[in-house]
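Report on one structure; see the data block that follows.
Laboratory data are not the source of any read-out in this text; all were calculated from the coordinates shown. Computed from a predicted structure; not experimentally measured. Every residue, glycine among them, receives a Cβ derived from its backbone with ideal geometry; neighbour counts consider all protein chains shown.
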Amino acid sequence: MLIQSRVVLAGAVALLALAACTPKDADKTAASAPAATKDVVAATVNGTPISQKQVDMILKQQRGMPDSPESRKMIIDNIAMQLLVAQEAVKKGLDKTPEVQDEIEMAKQSVLAQSFIQDYIKHNELTDAQLTAEYDKLKAQQAGNQFKARHILVKTEEEAKAIIAKLNKDIKSFDALAKAQSLDPGSKVKGGDLGWFDAHSMVPEFSAAVAKLEKGKFTQEPVKSQYGYHVIVLDDTRPSTANIPPLEQIKAGLSQQVQQQNLKKLLDEMKAKAKIDIVAATPAPVAPAAPASAPAAK
């Protein structure tokens, strides 16, 4: 319960996931294709063309789908059916309804936002120097000492002071006191033992108190954190054994993480500069149901 959540090498993140819909290889392939092939018609539906470019784009988005005549025919069939239904919707005037207009506008915004993010990633690739600097920061974060400690977590400062008074008389009673009084379910059954941990993996107040202790000593004042009051004894210290993989092994993940951080910073700045007025944050009231009509008399 003391360990803070940390993301070291995040995988696909929400912002970058928007750009994953169109792989970079697909972009490069489309860009390098001859202009003539971009306008090749693969099929027509009631005179409306389905371009080869559309089929290529969908095929590349479907990762793992083989580029075969059967796959292309299946894609064309799906596009044709969608186009047929869309044409019928237009005939009925559904494209003019407010609800459909709203959805079309939202879809347009989504495509534009995705395009912006793809363009940002394309033009803001990290250099080797930038990645090396980020890697050095990561290694520095993992440096330092590891600690082996036990603790007793209680609700009030008075309880913690009473435990300290008992420990001053007999430090060997720590195990029994932890099992009887500690509120930390993960460690109380082990006499408060937390095992080996890095200082930065604990809440700041706990880490600061442990770093000041001498081996075999315990805190003479209760340590307050968001969880309550701790009494801590330090059993041992050793240099950090954190093993960071070589840069080449984590280069792709680290690059994606840093790009995500940079992109989030950019979007936060855009939001801070924008004027956003929230007019209606609560759901619209639901109209009461019409009362049921009385049954007709027989």
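Taking every Cα-Cα distance in region 152-264 and sorting them into 5 Å bins starting at zero, the pair-distance distribution P(r) comes out as 2, 11, 18, 20, 15, 8, 6, 8, 6, 5, 2, 0 percent. Classify region 136-177: rounded, prolate or oblate, from the alpha-carbon gyration tensor (a ≥ b ≥ c, eigenvalue square roots; a/c under 1.5 rounded; otherwise prolate if a/b is larger than b/c)? Because a/c hits 1.5 or more and a/b exceeds b/c, region 136-177 counts as prolate. For region 81-139, the Cβ-based charge dipole about the Cα centre amounts to some 140 debye (Lys, Arg positive; Asp, Glu negative; other atoms uncharged). Shape class of region 217-271 from the Cα gyration tensor (axes a ≥ b ≥ c, square roots of the eigenvalues): oblate, since a/c reaches 1.5 or more and a/b does not exceed b/c. Simple point charges give the picture: +1 on the Cβ of Lys and Arg, -1 on the Cβ of Asp and Glu, and for region 135-176 a dipole about the Cα centre of about 160 debye.
Of all aspartates and glutamates in the structure, those lying under 17 Å Cα to Cα from residue 190, and not within fewer than 8 positions of it along the same chain, are 175, 235, 236. Each of 111, 141, 167 was scored by the projection of its Cα onto the charge dipole of region 57-190, and the greatest displacement toward the positive side belongs to 167; charges sit on the C-beta of Lys, Arg, Asp and Glu.
Applying 1/(1 + (r/R0)^6) with R0 = 30 Å to the Cβ-Cβ distance of residue 106 and residue 73 gives a FRET efficiency near 0.40.
Pairs over the 22 Å Cα-Cα cut-off, from the set 122/265; 122/275; 161/224; 122/251; 148/179; 172/215: 122/275.
For the peptides 112-125, 170-183, the ranking by packing is 170-183, 112-125, with the highest mean count of neighbouring Cβ atoms within 10 Å listed first.
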